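The values are calculated or read from the model by the stated rules, or taken from the named source; none is laboratory data. Only a predicted model underlies this, so the values are computations on that prediction, with no experimental measurement involved. In this analysis, Cβ positions are derived from the backbone assuming ideal geometry, glycine residues included, and neighbour counts consider all displayed protein chains. Just the protein is used for accessible areas: all its heavy atoms, side chains included, with ligands, DNA and RNA removed. Shrake-Rupley method; radii C 1.70, N 1.55, O 1.52, S 1.80 Å.
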Amino acid sequence: MSFKALLTSTLALSYLSKGVLGCSRVTYNSGPADGNRTVIGRSMDWLTPTNSSLFAFPAGLQRNGSAGTNSATWTSKYGSVILTAYDLSTCDGMNSQGLTVNLLYLADGDYGPRNASMPAMSLAIWPQYFLDMYATVDEAARDLFTEGGQAKFQVRTEALIPGVPTLMHVSVSDATGDNLILEWLDGKLVVHHGKEFNVMTNEPNYDDQIAINKYWAPISNSSLPGTDRPADRFARLAHYVSVAPASSEVVSALATTNGMIRAVSVPMEPININTPNITPTLWRTIADTKDKVYYYESASDGSFFWVDLTQLDLSSSGHTLQLPMVGVNWTERVGDMTDQLEKATPFKFMEANN
Ligand SMILES: *[C@@H]1O[C@H](CO)[C@@H](O)[C@H](O)[C@H]1NC(C)=O
Ligand SMILES: *[C@@H]1O[C@H](CO)[C@@H](O)[C@H](O)[C@H]1NC(C)=O
Ligand SMILES: *[C@@H]1O[C@H](CO)[C@@H](O)[C@H](O)[C@H]1NC(C)=O
Ligand SMILES: *[C@@H]1O[C@H](CO)[C@@H](O)[C@H](O)[C@H]1NC(C)=O
Ligand SMILES: *[C@@H]1O[C@H](CO)[C@@H](O)[C@H](O)[C@H]1NC(C)=O
Ligand SMILES: *[C@@H]1O[C@H](CO)[C@@H](O)[C@H](O)[C@H]1NC(C)=O
């Protein structure tokens, strides 16, 4: 291992032991003059490049939860456009119905011990499951638990990067502006469902985050916390979205969303082991659930591109397509990339067999 790699992984472990990886996400509604457009923005704050690529998946794909014995299996009902991390996990994306998922870090995540009589899926495919199966948040929410109140499946995790524990929560949002926040805490699936849950960052767990925000919300017009800690980003984002003006057309709806996400993004700063709350923003996405256009903004290469889902064949007669993003010339990753996607085989989701 090179000195740089050793340093990076040592720093990664010490950061993670303090629970500090970032990411922020917001759901914005543009208002009646713009047809009540729902736009979801998110930032990805991470220690090392996420080596993402963009995939388009058609409907009709056979899926396996990649969690060993009694893995959940399903066939995708909807096509989707997604971003990977390391071509091992879906970490963000939108489906043909405008259902959007965001995978964000949650150091408090605890998936509990394996119960082999329950179907399971790897954390790496958990967000993809929602894109594959549901058109609305309400449909997804009604399908989470058995009549007895037990979650219908377990989620298992493994280290996406060796030595770095991969602990995540998921937000699911849809074209009506509905939201579902899903967290595994002490082995139980904890759910927040409603239009009001339009902000998510990282630890602590969502109920604690809401409680902290009760302090900030009433004074937020005059005072807001300014560090990059997740609770501070949450308070700021909750304020921005509560006072965000309506938009009359798509450009201002996208700009308003991106403005909020940029304002909670973390600038490039030297990695400093004594201030371990800072992982820089590497990229941002914006999902326009009305026009079904998915936007990607690199924070390290300065480029902005988009893919128009309505111009892809996401039906079961479509192909899996890929837009590579590692080792590419970024002057060729600008603007409308919809016709630049190439036929590919689906990547292999990270196995989590434990
Ligand atoms: C937008 O929402 C408003 C208020 O709920 C409603 O009256 C209006 O019909 C909606 N417009 C569209 C295009 O859905
Ligand atoms: C990410 O990609 C770079 C450049 O190809 C490579 O050196 C690095 O090992 C990759 N990282 C991971 C965790 O796969
Ligand atoms: C799904 O993948 C697991 C490995 O994670 C394998 O053990 C299992 O047999 C597969 N299930 C099906 C139905 O193909
Ligand atoms: C394991 O799952 C089965 C089937 O869903 C359930 O009946 C049982 O109570 C679970 N066991 C534990 C220890 O949770
Ligand atoms: C903050 O300011 C906005 C715009 O003036 C106002 O609508 C809102 O009620 C204020 N919020 C609080 C908590 O005072
Ligand atoms: C990147 O692409 C642009 C536009 O196609 C081209 O002009 C430039 O030479 C390329 N750069 C490299 C390093 O290949």
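If you go through region 207-229 one residue at a time, do you hit one that is assigned to a helix (DSSP H, G or I) and either touching a residue at least 60 places away in the same chain (Cβ under 8 Å) or under 24 Å from V81 (Cα atoms) (or both)? Please lay out each step first, then the result.
Pass one, region 207-229, residues assigned to a helix (DSSP H, G or I): 207-219.
From what is left, the residues that are either touching a residue at least 60 places away in the same chain (Cβ under 8 Å) or under 24 Å from V81 (Cα atoms) (or both) are none.
No; the residues of region 207-229 include none that is assigned to a helix (DSSP H, G or I) and either touching a residue at least 60 places away in the same chain (Cβ under 8 Å) or under 24 Å from V81 (Cα atoms) (or both).
Hey, could you check region 94-121 for residues that are under 19 Å from D207 (Cα atoms) and of a type in the set (D, E, K, R) and say which is farthest from ligand 1 (Cβ to nearest atom)?
D110
Which pairs do you get when a residue that is in contact (Cβ under 8 Å) with a residue 60 or more places away in the chain and of a type in the set (K, R), found in region 32-44, comes within reach of a residue that is within 9 Å of ligand 1 (Cβ to nearest atom) and outside any loop (DSSP other than H, G, I, E, B), reach meaning Cβ atoms under 8 angstrom, with the pair 6+ apart or on two chains?
That search, which allows pairs on different chains as well, returns R37/N29.
Here is a yes/no grid of residues against (1) aromatic (F, W, Y); (2) touching a residue at least 40 places away in the same chain (Cβ under 8 Å); (3) part of a loop (DSSP other than H, G, I, E, B); (4) over 28 Å from V199 (Cα atoms):
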site	(1), (2), (3), (4)
A255	no, no, no, no
I286	no, yes, no, no
D301	no, no, yes, no
S315	no, yes, yes, yes
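Does any residue of region 85-104 turn out to be open to solvent by 10 Å² or more (accessible area, probe 1.4 Å) and within 16 Å of ligand 3 (Cβ to nearest atom)?
For region 85-104, residues open to solvent by 10 Å² or more (accessible area, probe 1.4 Å) and within 16 Å of ligand 3 (Cβ to nearest atom): present.
So D339 passes all but one of these: (1) loosely packed, with under 15 Cβ neighbours inside 10 Å; (2) assigned to a loop (DSSP other than H, G, I, E, B). Which condition number does it fail?
(2)
Please indicate, with yes or no, whether at least one residue in region 238-256 is away from ligand 6 (no atom under 16 Å from the Cβ), touching a Lys or Arg at 6+ places or on another chain (Cβ under 8 Å) and not hydroxyl-bearing (S, T, Y).
So in region 238-256, the residues away from ligand 6 (no atom under 16 Å from the Cβ) come out as 238-256.
Narrowing the set further to residues that are touching a Lys or Arg at 6+ places or on another chain (Cβ under 8 Å) leaves 247, 250, 253.
Narrowing further to those that are not hydroxyl-bearing (S, T, Y): 250, 253.
Taking every residue of region 238-256 in turn, at least one turns out to be away from ligand 6 (no atom under 16 Å from the Cβ), touching a Lys or Arg at 6+ places or on another chain (Cβ under 8 Å) and not hydroxyl-bearing (S, T, Y).
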